[in-house]
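Single-structure report; data block below.
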Amino acid sequence: MTALHPFNTAFAWQSAAAVSGRATPTFLSSEQTEQFDRDGYCLVEHAFDAATIGALTAAIDPHERDATEFLRTQPDGAMFIAQADAITFTAHLAGHDETCRDFTRHPSLLGIVGDLIGPDVRLYWDQAVYKKPEPTREFPWHQDNGYAFAEPQQYLTCWVPLTDATVSNGCPWVAPGMHRRGTFLHRLGPYGFTCLDTVDDAVPVEAPAGSVVVFSSLTPHLTGANVTETVRKAYIVQYAPSGAAVRTGIGADDLTVADQPDRQYMVLRNGSPVTGRIG
Ligand SMILES: O=C(O)CCC(=O)C(=O)O
């Protein structure tokens, strides 16, 4: 049995209905929220039109190019788990790019977070992940809460493909049902933090551009190698209930509330979209 993270001492999964206060979802279908509760993920198709994804990609590409150029100045073209010619992570775009920021408040995303988090929600993290043609490198099994331990442990990742994501180019795979145990112990491997070596019942989630793979911060997932000749692009937006905090130790004061005004802004307040200027 996989060991738990030392900070994960009393976890109990909260259903979508319990956290959202919605007996029936208003944006997702009941089948989707049931799958999310049971398996830890669901796929939402036709969430964004082609123009939205085209504009988002056009906005992100130059930032990713800059990130790649920066990586090339580093030893081996790499820094931590990013590598210029294999995988790049371009974080906090919503903090300075208006197209990305607007996207984080897209009605489809707000519908999803209203159904799966609750009435008061902040953006928690955002990053573009570009997986370059690289036939051997998997991004290993991990939970997003294994990187930085947030409380509540249960927040939401919306994995938005900017190009069709397939098994061949590195779509996400998930480990159904394991989110219900809370955060696992992670160790740092060559390509990132990891909590599991193999998963017998792993499910690939192929996702066309325009869809979004929605999973819990506690859902173990990996992305496969990219054996095609084109770049697989994704923009990842994560949301947490307002008041969520990152724990760095076991003390009562070892918590930092995730509310940086420029990039961890409110997107829903009392169930209504928060519009207007940010920061
Ligand atoms: O998009 C990818 O290839 C991996 C991204 C991922 O799992 C993450 O950033 O946690």
Out of segment 97-118, which residues are outside any helix (DSSP H, G or I) and under 17 Å from Ser20 (Cα atoms)?
Ile117, Gly118
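Look through segment 141-166, keep the residues that are assigned to a strand (DSSP E or B) and away from the ligand (no atom under 11 Å from the Cβ), and return whichever of them is most open to solvent (accessible area, probe 1.4 Å).
Selected residue: Glu151.
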Taking Ala86, is it within 15 Å of the ligand (Cβ to nearest atom), surrounded by 15 or more Cβ atoms within 10 Å (Cβ to Cβ) and at pLDDT 95 or above?
yes
Would you be able to tell me the number of residues in segment 181-194 that are in a strand (DSSP E or B) and more than 12 Å from the ligand (Cβ to nearest atom)?
4
Which residue pairs have Cβ atoms closer than 9 Å, lie 6 or more positions apart in sequence or on different chains, and pair a first residue in segment 88-108 that is under 16 Å from Phe27 (Cβ atoms) with a second residue that is of a type outside the set (A, V, I, L, M, F, W, C) and open to solvent by 50 Å² or more (accessible area, probe 1.4 Å)?
Arg105/Pro273; Arg105/Thr275; Pro107/Pro273; Ser108/His46
Of (1) at pLDDT below 95; (2) within 16 Å of the chain's Cα centre (by Cα), Tyr191 fails just (2)
Suppose we filter segment 265-279 for residues that are open to solvent by less than 50 Å² (accessible area, probe 1.4 Å) and touching a residue at least 60 places away in the same chain (Cβ under 8 Å); how many remain?
7
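The rows are residues; the columns are (1) within 14 Å of the ligand (Cβ to nearest atom); (2) free of Cβ contacts under 8 Å to residues at least 12 places away in the same chain; (3) crowded, with 17+ Cβ neighbours inside 10 Å; (4) not aliphatic (A, V, I, L, M).
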position	(1), (2), (3), (4)
Leu196	yes, no, yes, no
Val212	yes, no, yes, no
Thr223	yes, no, yes, yes
Arg232	yes, no, yes, yes
Ile236	yes, no, yes, no
Tyr239	no, no, yes, yes
Asp253	no, yes, no, yes
Arg263	no, no, yes, yes
Return the only residue of Thr136, Thr104, Thr57 being hydroxyl-bearing (Ser, Thr, Tyr) and more than 15 Å from the ligand (Cβ to nearest atom).
Thr104
When the residues of segment 1-43 are narrowed to those that are among the polar types (S, T, N, Q) and in contact with a helix residue (DSSP H, G or I) (Cβ under 7 Å, 6 or more places away or on another chain), which ends up nearest to Met178 (Cα to Cα)?
Ser15
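The values are calculated or read from the model by the stated rules, or taken from the named source; none is laboratory data. Quick caveat, the model's predicted, so the values are computed rather than measured. All Cβ positions, glycine included, derive from the backbone under ideal geometry; neighbour counts span all protein chains shown. The protein model used for the area step is the full one, side chains on, heavy atoms only, and it has no ligands, DNA or RNA in it. Shrake-Rupley method; radii C 1.70, N 1.55, O 1.52, S 1.80 Å.
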